[in-house]
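Trainee: Okay, handing you the structure first.
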Amino acid sequence: MDNQPYLDSFIAALLCLDKDTAKSLVDDMMKTVDPITITNQLVVPALEFVGDCWEKGTVALSQVYMSGRICESLIDEILPPGNPLRTDQPPIGIAVLLDHHVLGKRVVYSALRASGFELIDLGQGLTARELVGLVRKHQVKILLISVLMLPSALHVKEITRQLKPEGVKIVVGGAPFRLDKNLYKEVDADATGDNAGIAVEVVNRYVGEYYATI
Amino acid sequence: MPQYSAMQRVVAALSHEEADRVPVILPLTLHGAKEMGLSIKDYFSKAEHVVEGQIRLMQKYHSDAYIGFLHAPLEIAAFGGEVIYVEDGPPNSGEPFLRKHDDILSMQVPDVQTNPHLRITLDAITQLKAIATDQIPIVGVVMSPFSLPVMQMGFDKYLDLIYDHRDLFWKLMEKNIEFCRAWTDAQLAAGATAIVYFDPVSSPTIIPPELYLETGFRVAQRIIPQTKGAVITHMASGRCLPILDDLIQTGTAGIGVSAEEDIAEIKGRCRGKVTLFGNLNAIEMRNWDAQTMEHKVRQLIQKAGSGGGFILMDNHGELPWQISDDTIYAIVAAVHKWGQYPIETPEQRFG
Ligand code: B12
């Protein structure tokens, strides 16, 4: 079926924070397709589109944040946590290193959950040592790190040094990584993403790679 | 050619005139601690430290202004909130102190003259003024009433407040406006030459232009025209193009420009009206060598320098702790080399 008209209306609804219209579009699609199709063909492309627009400067962060929250709650209704249809995945963790600014983490968390993933929220204001400990404890295989301050971004190196040899994939993001495109390489992270949409793309790829190697 | 003081150079730029060269303001807030061998926390604990730090930095780099700003979370400390210090970067605000909506109603506005945290800034500005006389401008800084709540209550809760509880949002704005007015007046009275009004939440990077018109714009209209001194609106590296005309309408004398936007385009629309500050990428420059810096500075001056109305700075209004002395020297050297008026345009160079 051609979902483009749904997608266009869904994006328009998200950008004006119109949860009711967004919900009725999802309900409508539910009559003909399963929740996973809705996630993959409606929610993920919509969030990627919104993220892209933010980078281009045509959409604001508040719209990215609200879109993520709307999608997260819609998907939670049709695909509750623990539903066997949810994406089969290794443990994925998300944390804010050193900083106490949680909005970046919140936005990425919502986008990933709305895309069918489950995430372990490892917290914020964590030192490198604490974060490494938590990753080992929860056997996290894909670690998402959000920061806002440059020094915090530079401290990511202490984490990559310890966890990469253990096979953990490390994805970083937040303002410093957006403003300096080479910074993620400087701290030896595997990948970065300028917006939450890209976080979904990268996690999808690493989940695929993970199952290909075990 | 007459000998210009830093003050004359900056005033010329703000009056859209060409002085001897493009002014360069180095927003060094943390580096004073390095100069004095103090921890960042210790450095910010006394006005005397900040003054001595600013003097040493001035002797070293000859910036066109003293910075009378310590850090943004200082305002949070004044409200009784927590500040978290680190060894290698700016202090941050800790756990937000407005935990529930009712806390807004009971929030007390600090008295700017007697609050011990704000006093450090005011004393530093007063002492800097005695040294600077009328030769060197002193930059004062306030958080806009509209951007301060991110630190007061947390970003997600604040966005929820703006979208879902507009009445309560305005109650918070009333209190923050009262504080911001008093804080701005006090810094100007202590000797600040101009006030940088940090307002990144108004940036289209953070909220859509329609929402800005209903919120941040109306707040700015209640601060900027009343201020008895020049106000420079700074988006802290957020974008401004989609709201440029509205920003100009607030009566702002200057705009801090993001590295993500084309300063030539902004200059085209602001020429003769509003002075631009910017826009070297403060995060990226950590890894620029002298040659790269020279190239970037030269390009920037050619795009925005002619006709005055331009002060060279970074895109954020603060150079990170990780920026080396050599990088700072390279900025200054490049401005001295390529910023002499009249500016050589690319056409002249190739033509
Ligand atoms: C708004 C703003 C402010 C506001 C509110 C800040 C806040 N959140 O607390 C105010 C005016 C209060 C402020 C103050 C300060 N700020 Co400020 N501020 C900004 C601005 C414009 C936006 C920051 C923000 O919160 N964005 C919202 C978040 C959600 O965006 P984000 O982190 O980019 O996240 C998105 C993506 O990056 C991505 N993402 C995020 N995490 C992750 C994780 C993964 C794995 C992936 C894939 C993607 C991803 O998805 C998100 C959405 O799509 C930025 C500059 C900019 N252009 O971004 C500077 C910026 C963050 N500020 C900065 C600084 C230094 C400060 C101060 C320390 C200044 C000072 N000396 O006092 C203070 C400290 C504030 C505090 N809380 O203690 C610097 C930090 C870098 C540095 N130099 O160290 C920045 C980057 C400016 C710059 N260009 O240098 N600031």
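Trainee: If you go through segment B:277-312 one residue at a time, how many are closer than 16 Å to B:L30 by Cα and of a type outside the set (G, A, S)? Even if it seems obvious, please write down each step before you answer.
Mentor: Looking only at segment B:277-312, we keep the residues that are closer than 16 Å to B:L30 by Cα, and these are B:282-283, B:286.
Narrowing the set further to residues that are of a type outside the set (G, A, S) leaves B:283, B:286.
Residues in segment B:277-312 being closer than 16 Å to B:L30 by Cα and of a type outside the set (G, A, S): 2 in total.
Trainee: Working only within segment B:6-19, note down all residues that are assigned to a loop (DSSP other than H, G, I, E, B) and either open to solvent by 20 Å² or more (accessible area, probe 1.4 Å) or farther than 26 Å from B:K337 by Cβ (or both).
Mentor: Of all residues in segment B:6-19, those assigned to a loop (DSSP other than H, G, I, E, B) come to B:15-19.
Result: B:S15, B:H16, B:E17, B:E18.
Trainee: Turning to a different aspect of this structure: Taking the condition more than 27 Å from B:I331 (Cβ to Cβ), within 16 Å of the ligand (Cβ to nearest atom) and within 17 Å of the chain's Cα centre (by Cα), does B:E75 pass? It would help to see each step written out before you state the result.
Mentor: Details: more than 27 Å from B:I331 (Cβ to Cβ): yes; within 16 Å of the ligand (Cβ to nearest atom): yes; within 17 Å of the chain's Cα centre (by Cα): yes.
Yes, satisfied.
Trainee: Do we have any residue at all in segment A:148-165 that's more than 14 Å from chain B (Cβ to nearest Cβ) and near the ligand (Cβ under 7 Å from one of its atoms)?
Mentor: Our first condition is that a residue be more than 14 Å from chain B (Cβ to nearest Cβ); within segment A:148-165, this holds for A:159-165.
Restricting the remaining residues to those that are near the ligand (Cβ under 7 Å from one of its atoms) gives none.
Within segment A:148-165, not a single residue is more than 14 Å from chain B (Cβ to nearest Cβ) and near the ligand (Cβ under 7 Å from one of its atoms).
Trainee: Let me ask something else about it. Given (1) more than 13 Å from chain B (Cβ to nearest Cβ); (2) over 26 Å from A:D88 (Cβ atoms), where does A:L131 come up short, assuming only one miss?
Mentor: Against the list (1) more than 13 Å from chain B (Cβ to nearest Cβ); (2) over 26 Å from A:D88 (Cβ atoms), A:L131 comes up short only on (2).
Trainee: Then there's this: Tell me, please, whether a residue that is open to solvent by less than 20 Å² (accessible area, probe 1.4 Å), closer than 17 Å to B:Y158 by Cβ and touching a residue at least 40 places away in the same chain (Cβ under 8 Å) can be found in segment B:85-92.
Mentor: No, because not a single residue in segment B:85-92 is open to solvent by less than 20 Å² (accessible area, probe 1.4 Å), closer than 17 Å to B:Y158 by Cβ and touching a residue at least 40 places away in the same chain (Cβ under 8 Å).
Trainee: Restricting attention to segment B:209-227, and to residues there that are in contact with a helix residue (DSSP H, G or I) (Cβ under 6 Å, 6 or more places away or on another chain) and part of a loop (DSSP other than H, G, I, E, B), which single residue is least open to solvent (accessible area, probe 1.4 Å)?
Mentor: Taking the candidates together, the pick is B:I223.
Trainee: Give the residues of segment A:171-188 that are more than 9 Å from the ligand (Cβ to nearest atom) and away from chain B (no Cβ under 14 Å), sorted by residue number. Spell out how you get there, then give the answer.
Mentor: Step one: filter segment A:171-188 for residues more than 9 Å from the ligand (Cβ to nearest atom), giving A:180-188.
Passing the criteria: only A:D188.
Trainee: From the set of residues in segment B:53-65 that are outside any loop (DSSP other than H, G, I, E, B) and away from the ligand (no atom under 16 Å from the Cβ), which is least open to solvent (accessible area, probe 1.4 Å)? Working first, answer last.
Mentor: Let us first name the residues in segment B:53-65 that are outside any loop (DSSP other than H, G, I, E, B), namely B:53-61.
Adding the requirement that they be away from the ligand (no atom under 16 Å from the Cβ) leaves B:55-56, B:58-61.
On the way: B:I55: 38, B:R56: 85, B:M58: 22, B:Q59: 127, B:K60: 53, B:Y61: 5 Å².
Step by step, filter segment B:53-65, then rank; the result is B:Y61.
Trainee: Separate question: Return the only residue of A:I70, A:I75, A:I92 being closer than 30 Å to B:M235 by Cβ and more than 10 Å from every other protein chain (Cβ to nearest Cβ). Outline the logic, then answer.
Mentor: Details: A:I75 fails: closer than 30 Å to B:M235 by Cβ; A:I92 fails: closer than 30 Å to B:M235 by Cβ.
The match here is A:I70.
Trainee: I'd like to check something: does segment B:114-134 contain any residue that is touching a His at 6+ places or on another chain (Cβ under 7 Å), crowded, with 17+ Cβ neighbours inside 10 Å and assigned to a loop (DSSP other than H, G, I, E, B)? Steps first, answer last, please.
Mentor: Of the residues in segment B:114-134, the ones touching a His at 6+ places or on another chain (Cβ under 7 Å) are none.
Checking segment B:114-134: not a single residue is touching a His at 6+ places or on another chain (Cβ under 7 Å), crowded, with 17+ Cβ neighbours inside 10 Å and assigned to a loop (DSSP other than H, G, I, E, B).
Trainee: Same structure, new question: Tally time: how many residues in segment B:34-48 are in contact with an Asp or Glu (Cβ under 8 Å, 6 or more places away or on another chain) and under 29 Å from B:P145 (Cβ atoms)?
Mentor: Result for segment B:34-48: 2.
Trainee: I'd like the residue in segment A:40-94 that is of a type in the set (V, I, T) and more than 16 Å from the ligand (Cβ to nearest atom) and, out of all such residues, is least open to solvent (accessible area, probe 1.4 Å).
Mentor: Narrowing segment A:40-94 to residues of a type in the set (V, I, T): A:43-44, A:50, A:58-59, A:64, A:70, A:75, A:78, A:87, A:92, A:94.
Checking which are more than 16 Å from the ligand (Cβ to nearest atom) leaves us with A:75, A:78, A:87.
Numbers: A:I75: 1, A:I78: 29, A:T87: 50 Å².
Filtering first and then ranking leaves A:I75.
Trainee: Kindly provide the set of residues from segment A:108-123 that are part of a helix (DSSP H, G or I) and either in the same structural domain as A:V64 (by the TED database) or more than 8 Å from the chain's Cα centre (by Cα) (or both), ordered by number.
Mentor: Start the filter on segment A:108-123 by keeping residues that are part of a helix (DSSP H, G or I), which leaves A:108-114.
Selection gives A:A114 alone.
Trainee: While we're looking at this one, here's another question. Show the residue pairs that are 6+ apart or on different chains and have beta-carbon atoms under 8 Å apart, the first residue being within segment B:20-45 and open to solvent by 50 Å² or more (accessible area, probe 1.4 Å), the second being part of a loop (DSSP other than H, G, I, E, B).
Mentor: B:K34/B:W321; B:S39/B:Y85; B:S39/B:E87; B:K41/B:Y85; B:K41/B:P91
Trainee: Under 6 Å by Cβ, and 6 or more places apart or on different chains, what pairs join a residue from segment B:247-269 that is surrounded by fewer than 18 Cβ atoms within 10 Å (Cβ to Cβ) with one that is basic (K, R) and not in a loop (DSSP other than H, G, I, E, B)?
Mentor: That search, which allows pairs on different chains as well, returns B:A264/B:K303.
Trainee: Sort out which residues of segment B:22-38 are more than 16 Å from the ligand (Cβ to nearest atom) and either closer than 28 Å to B:H117 by Cα or in contact with a His (Cβ under 7 Å, 6 or more places away or on another chain) (or both), and write them in order of number.
Mentor: In the first step, residues of segment B:22-38 are kept if they are more than 16 Å from the ligand (Cβ to nearest atom); the result is B:22-24, B:35-38.
B:E35, B:M36, B:G37, B:L38, listed by residue number.
Trainee: So is A:L17 more than 14 Å from the ligand (Cβ to nearest atom), under 24 Å from B:Y158 (Cα atoms), in a loop (DSSP other than H, G, I, E, B) and in contact with a helix residue (DSSP H, G or I) (Cβ under 7 Å, 6 or more places away or on another chain) or not?
Mentor: Working: more than 14 Å from the ligand (Cβ to nearest atom): yes; under 24 Å from B:Y158 (Cα atoms): yes; in a loop (DSSP other than H, G, I, E, B): yes; in contact with a helix residue (DSSP H, G or I) (Cβ under 7 Å, 6 or more places away or on another chain): yes.
Here the answer is yes, as A:L17 does meet what is asked.
Trainee: A further question follows. Checking A:A199 against (1) under 19 Å from B:N287 (Cα atoms); (2) in contact (Cβ under 8 Å) with a residue 40 or more places away in the chain, which single condition isn't satisfied?
Mentor: Evaluating A:A199 over (1) under 19 Å from B:N287 (Cα atoms); (2) in contact (Cβ under 8 Å) with a residue 40 or more places away in the chain leaves (1) as the failure.
Trainee: I would also like to ask the following. Please go through segment A:124-143 and give me each residue that is within 13 Å of the ligand (Cβ to nearest atom), open to solvent by 10 Å² or more (accessible area, probe 1.4 Å) and either of a type in the set (G, A, S) or modelled with pLDDT of 95 or more (or both), ordered by number.
Mentor: Selection gives A:G125 alone.
Trainee: What is the residue count in segment B:228-261 for residues that are over 26 Å from A:L150 (Cα atoms) and outside any loop (DSSP other than H, G, I, E, B)?
Mentor: 11
Trainee: Pairs please, first residue from segment A:10-22 and on the phi < 0 side of the Ramachandran plot, second anywhere and hydroxyl-bearing (S, T, Y) and modelled with pLDDT of 95 or more, Cβ atoms under 6 Å, 6+ apart in sequence or on different chains.
Mentor: Close Cβ pairs (under 6 Å, with a partner that is hydroxyl-bearing (S, T, Y) and modelled with pLDDT of 95 or more) amount to A:A13/A:T21.
The values are calculated or read from the model by the stated rules, or taken from the named source; none is laboratory data. If you're wondering where the values come from, they're calculated on a predicted model, not measured in any experiment. Positions of Cβ are backbone-derived with ideal geometry, glycine not excepted, and every protein chain shown enters the neighbour counts. Remember, those area values only see protein heavy atoms, side chains included, never the ligands or the DNA or RNA. Shrake-Rupley method; radii C 1.70, N 1.55, O 1.52, S 1.80 Å.
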